[in-house]
Structures are given as structure tokens and as C-alpha cells.
Amino acid sequence: MRVLVTGASGQLAHAVRHIWQDHELILPEESVLDLGKREALFSVVAEVRPEVLINCAAFTQVDRCESEAELAHLINATAVGWLAEACEAQKAMLIQISTDYVFDGTGARPYREDDPTNPVSVYGRTKLEGERQAATCSRHLIARTSWLYDAWGKNFLNTMLNAAAQGKALRVVDDQRGAPTTCRALARQLQLAAAQDWRGLVHMTCQGETTWHGFAQAIFAAKGMAVDLSPCTTADYPTPAQRPAYSVLDGGRRRSLGTDLMPDWHKALREVVEDPEG
Ligand SMILES: NC(=O)c1ccc[n+]([C@@H]2O[C@H](COP(=O)([O-])OP(=O)(O)OC[C@H]3O[C@@H](n4cnc5c(N)ncnc54)[C@H](OP(=O)(O)O)[C@@H]3O)[C@@H](O)[C@H]2O)c1
């Protein structure tokens, strides 16, 4: 398949580049495919004529989205509508990546795809609108994921390892629960989903759940590092954007569609530590 991937410099696109190797991959730099530029976007899609377009690009800085809401809306929502239109013209499948932050986090059991959304941040609201825009393409798959990381890229794992390397004492929030998910596991599941022509909205996270503090503990244990790590609350560490306190996603629909490749999050973390190149 000819596959066009946006957001080439991001951590998920990096995983797609490694994992979707049997396909003809086109990953333009942002200077060529800037989601904020409608005409450029249409001309790249028309020129490449992809069978599948994976939108890995997004304005992902959750706190910055609060003060730059217009830009967040342009990249995370409006541009997804343009991608949907461009894919429709090429009869291509649009794979949109969405987020657990479409939920408000007041739930007490894993969220299903049809549970009501209620984002509590600009990022979450714009990503939810992005889901709606993606759904205007007749062949679309919207994969909601959470807490993405891998050995590469800007993410929680690398933030923790860098801070620990500086000998800092670390306080990490212990009252937000979610599922850390590796980019490589998501890229594998997306590849299978595209091959099996999955459609609609599907939750794709690693299995199990933890808190950010629990995740940090597991990272340092897996790396064999002794670190001065202690728990704190969200209230101790105020941020411009509110985060859902509980954002575990139910994987039932994914399991019912075909082969479920999403591993338990502990296993996925071990893979990253033992094989950082992926
Ligand atoms: N990270 C998470 O924890 C998480 C959780 C749930 C869902 N997601 C979703 O998963 C997807 C992949 O996220 P990720 O973690 O791989 O994010 P990432 O590493 O931040 O990558 C996003 C990429 O999009 C690029 N980008 C930003 N604005 C752009 C524009 N106008 N045109 C083209 N590219 C642009 C960024 O470039 P610059 O770096 O140059 O800005 C970056 O390379 C996103 O849709 C995100 O919303 C992420």
C-alpha cells in the first residue's frame, strides 16, 4: 500500500516508519506538509495519491493549547477536516489518532467508545472535534490512544530518565490513572487494522492501568535505577490544562474486531527497555 504519514518528526510517526516497512511510505517534513496550510495539504495528498493516510501530526503540547487555542483548533480539528476531504477525493483511508483526553475522567470503569465525551481542556476539545472531522471521510479509522511513549521522542519516559540522570529528587502525580502505551505497539495494531480494513472509532491502548507515579516506579525498576521518587497529587503540581483523573480506555471493541496486538503495559515497557531501537 502507498501510505502517506503526517507529523514525520513525531514519536508515533517514527514508530510507523520502522514498523510499516512492507509498505511504500511517504513521510514529508512539516515544511512540505504543514497541516495549517490548506492548499499545500491538498496538493501533497493529490500528488502522492495515498491508499492510506495516517495523521500522526497534532498540536500535542496540552498546556500550550490553553493559551494557543486558535492554533490548536486549526491543527487538531480544522486541518483534519481538510485531510478527510482530500482523502475522500483519492478514495483513501484516513487513520486519525485521537486521545483519552476526550473524556473528563470522572468515570469509575474503563471508557467505551460510545461513552459520552466531555473534554476538560482545549487539547481534548480540539481532538474531539478532530474525531468528528475525520468521520466525514467515508473510509476512516479513529484510534483513541493514551500516554504515548517509546525509547525515542519527547515523552514521560525520557523526561523521567533525563531528570533522574541529573540526580534530581522526583515528585510525580499519583492521582491520575491511565494506560501507558508504546508507539511501537500502536503502530503494529494500526498496521493490522489497516490490513483488515477496520472502520470507525476504536480504542487502542496497552492493557492494564497505573498512575504516572506507578509508571515512573516501573520505569526505574526496569532500568535498575535507584531514584529518589515520591508521589504527589495533581493539586500539588498545578498546570494550565486540566487532565482527566481517570482515562483508562476499554479495549472490548478492538478485541471483537480481530487480532488484538496491544500488550500489557508492563510487557510493553520491558520491550522498550530491552530493545530501545524497536
Ligand atoms: N503523546 C501522547 O501521550 C498522546 C496520547 C494520546 C493521543 N496522542 C495523539 O497521538 C498522535 C501522535 O502523537 P505523538 O505523541 O507522536 O506527538 P508528537 O511526538 O508531538 O508528534 C506530533 C508531530 O506533529 C507535528 N506537527 C505539529 N504541527 C504541525 C503542522 N502544522 N503540520 C505538520 N506537522 C505538525 C509536530 O511537529 P513539531 O514537533 O515540529 O511541532 C510533531 O512532529 C497525535 O494525534 C496525538 O494527539 C498522543
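Tell me which residues come under 5 Å, amide H to amide H, from Val172 once H is placed; ignore anything under 5 positions away on its chain.
Residues meeting the criterion, in which the H sits 1.01 Å from N, are Ser230, Cys232.
With N denoting the number of residues in region 76-121, provide Rg(C-alpha) divided by 2.2 N^0.38 Å, to two decimal places.
1.50
With the dipole of the chain worked out from charges on the C-beta (+1 for Lys and Arg, -1 for Asp and Glu) around the Cα centre, which of Gly278, Cys87, Pro263 lies farthest toward the positive end?
The residue sitting farthest along the positive end of the dipole is Pro263.
Give me Rg/Rg_expected for region 163-250, where Rg uses Cα atoms only and Rg_expected = 2.2 N^0.38 Å with N residues.
Working it through for region 163-250, the quotient is 1.34.
Using the Cα centre as the reference, give the magnitude of the dipole from point charges on the C-beta atoms of region 1-154 (Lys, Arg: +1; Asp, Glu: -1; all else neutral), rounded to the nearest 20 debye.
220 debye
Output the 0 to 90 degree angle, nearest 10, between the alpha-carbon long axis of helix 212-223 and the longest principal axis computed from the alpha carbons of the chain.
Approximately 80 degrees, to the nearest 10.
By what distance, in whole Å, do the Cα atoms of region 33-115 stretch along each of the three principal axes, largest value first?
46, 30, 15 Å, listed from the longest principal axis down.
From the square roots a ≥ b ≥ c of the eigenvalues of the alpha-carbon gyration tensor of region 1-40, which class results: rounded (a/c under 1.5), prolate (a/b over b/c), or oblate?
It is oblate, given that a/c is not under 1.5 and a/b is not larger than b/c.
For region 233-278, report the translational diffusion coefficient in µm²/s to the nearest whole number, using Stokes-Einstein at 37 °C, 0.692 mPa s, and a Kirkwood Rh over Cα pairs.
Roughly 233 µm²/s, to the nearest whole number.
Over its Cα atoms, what ratio of radius of gyration to 2.2 N^0.38 Å does region 93-182 give?
1.30
What percent antiparallel are the DSSP beta bridges of the chain, to the nearest 5?
Antiparallel bridges make up about 5 percent of those DSSP assigns within the chain.
Considering the alpha-carbon set of region 97-150 alone, what are its Rg and its Dmax in angstrom?
Reported Rg and Dmax, both Å: 11.4, 33.
Please quote Rg/Rh for the chain to two decimal places, taking the Kirkwood radius as Rh and restricting both calculations to Cα atoms.
In the chain, Rg relative to Rh is 0.95.
Can you work out the Karplus-derived ³J(HN,Hα) for every residue in region 101-110? Use 6.51 cos²θ - 1.76 cosθ + 1.60 with θ = phi - 60°, whole Hz, and x for glycine or proline.
Couplings: 6, 6, 9, 8, x, 8, x, 10, 9, x Hz.
Given +1 on the Cβ of Lys and Arg, -1 on the Cβ of Asp and Glu, and no further charges, what dipole in debye does the chain carry about its Cα centre, rounded to the nearest 20?
For the chain, the charge dipole is close to 320 debye.
Please list the non-local residues whose amide H lies under 5 Å from the amide H of Gln207, H modeled 1.01 Å from N, same-chain partners needing a gap of 5 or more.
Asp264, Trp265
Would you kindly derive the ³J(HN,Hα) couplings of region 121-131 from the backbone phi angles with the Karplus curve 6.51 cos²θ - 1.76 cosθ + 1.60 (θ = phi - 60°), listing them in order in whole Hz, with x for Gly and Pro?
Whole-Hz 3J(HN,Hα) from phi for region 121-131: 9, 4, 3, x, 5, 6, 5, 5, 5, x, 4.
State to the nearest 20 debye the size of the charge dipole of region 128-202 about its Cα centre, where the only charges are +1 on K and R beta carbons and -1 on D and E beta carbons.
Roughly 100 debye for region 128-202.
Let me know the whole percent of all Cα-Cα pairs from region 1-150 that are separated by more than 23 Å.
33 percent
Sorted by accessible area with a 1.4 angstrom probe, largest first, how do Glu88, Glu129 fall?
Solvent-accessible surface, decreasing: Glu88, Glu129.
Using modelled backbone amide H atoms (1.01 Å from N, in-plane), which distant-in-sequence or interchain residues come within less than 5 Å of Leu148's amide H?
It is Thr181, by chain and number.
The values are calculated or read from the model by the stated rules, or taken from the named source; none is laboratory data. Since this is a predicted model, take the numbers as computed values, not measurements. Cβ coordinates were reconstructed from backbone atoms using ideal geometry, including for glycine residues, and neighbour counts include every protein chain displayed. Each accessible area value is taken on the protein alone, full model and side chains, heavy atoms only, with ligands, DNA and RNA left out. Shrake-Rupley method; radii C 1.70, N 1.55, O 1.52, S 1.80 Å.
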